[in-house]
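Visitor: Take a look at this one; I'll ask things after.
The values are calculated or read from the model by the stated rules, or taken from the named source; none is laboratory data. Everything numeric here is computed off the predicted structure, so don't read it as measured data. Please note: Cβ atoms are built from the backbone with ideal geometry, for glycine as well, and neighbour counts cover all protein chains shown.
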Amino acid sequence: MYCAVWSLLIAQCAYEGWCFLELQFARYGHPLNMASPWAVLVQLLSGAVFFAAVYILLARQLPYKGGYHIGPRQLFSAFFIGILFMVQAAVLDNFRAEQFPRSVIATILIGQFYFITLLYFQSELFKKSAMEKEMNALNLLYERQRQQYQVARQNVQIINKRCHELKVQIANLRKLSPEAVPPERIEEAERAARLYDANRNTGNEVLDVVLTEKSLLCESRGIQLNAVANGSCLGFIEAGDLYALFANALDHAVESAVQTARPECRVIDLLVCVRQGFVVVNIISPLRPPEKQANRSTQYELKVIRRIVQKYKGTLTLEEQGEFFAEKIIFPLQK
């Protein structure tokens, strides 16, 4: 319905423009005979130029993210503006333009141009409002993740401490006789300790926390996380930004792996290294089903990643490689 208002107004502008063109030909002694091919050609060419200009300058600017998100207020306002526009068009249409003083015609045309402009600025205003709401939500998510780093760090430290204590107790149990503690019980305790002792040592404390946290998450969901990471090259990134970057990237990969039907494909590969003066981050995960690729959670995760990448003058590339999805991030190496 909103697009129909725009279509009606643009079509009326095209009609009035053609009438003005006919008047100009008649004024200079060359009235157009619409039965002649020459006049039809002029009409087609002028219409093509007009609608091409409308498409390039206006139509491509109206959608937001490839679609229209029109609420009741915007639709009602568009109807009201469209009615006022068409009232002025009816005044011009019911009386021949040459019977009007030029000042009256100019006033009506300026009024119509004003209503078209008002309708366009109204669309831009609502788009700006939607962008601000989305940006506020993104900022809130971003700040929460930056604050979450401290909580995750404390949790990882607690887990590592408990695992160390458990290993010490297992070592003491091994000193006892097999009759006191069966070897099977000791091996079971060691497997439990290895399960939760997911501490990483990449050379960057923040990356260690993220990988430890996500390793436990992957273990609980039956996902294999393979990480080869040189965290020492990421020292130029702030702790909160670094945590948000890898937490969102790995969360996106984990959700993709969970939605994979085949268990053998639930594998995530992470590579962090330095190549030719650049820091390269490569995350490969299973490709999501098409119907689950564009949910809101995925959009926010990728937007947070893009924001951080842009902040540090990097580039983000998303690629589909068969049944897998690759996120490639490249930062200029900073010392």
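Visitor: Return only the number of the condition from (1) within 32 Å of the chain's Cα centre (by Cα); (2) at pLDDT 70 or above; (3) surrounded by 16 or more Cβ atoms within 10 Å (Cβ to Cβ) that Arg200 does not satisfy.
Guide: Arg200 satisfies every listed condition except (2).
Visitor: Still on this structure, I have one more. Give just the number: which of (1) within 25 Å of Met131 (Cβ to Cβ); (2) surrounded by 14 or more Cβ atoms within 10 Å (Cβ to Cβ); (3) aliphatic (A, V, I, L, M) does Ile56 not satisfy?
Guide: (2)
Visitor: Looking at the range 115-123, is at least one residue modelled with pLDDT of 80 or more, loosely packed, with under 12 Cβ neighbours inside 10 Å and either within 14 Å of Trp6 (Cβ to Cβ) or in contact with a helix residue (DSSP H, G or I) (Cβ under 7 Å, 6 or more places away or on another chain) (or both)?
Guide: Looking through the range 115-123, at least one residue is modelled with pLDDT of 80 or more, loosely packed, with under 12 Cβ neighbours inside 10 Å and either within 14 Å of Trp6 (Cβ to Cβ) or in contact with a helix residue (DSSP H, G or I) (Cβ under 7 Å, 6 or more places away or on another chain) (or both).
Visitor: Something else about it: Taking strands (runs of 3 or more DSSP E) that do not extend beyond the range 201-288, which have at least 2 residues that are among the small types (Gly, Ala, Ser) and without any contact (Cβ under 8 Å) to a residue 60 or more places away in the chain?
Guide: 224-229
Visitor: In addition: Are any residues in the range 302-335 of a type in the set (Asp, Glu) and either within 23 Å of Cys273 (Cβ to Cβ) or touching a Ser or Thr at 6+ places or on another chain (Cβ under 7 Å) (or both), and if so, which ones?
Guide: Glu319, Glu320, Glu327
Visitor: Restricting to the range 1-19, name every residue that is closer than 12 Å to Gln112 by Cβ and either without any contact (Cβ under 8 Å) to a residue 24 or more places away in the chain or surrounded by fewer than 16 Cβ atoms within 10 Å (Cβ to Cβ) (or both).
Guide: Selection gives Tyr15, Gly17.
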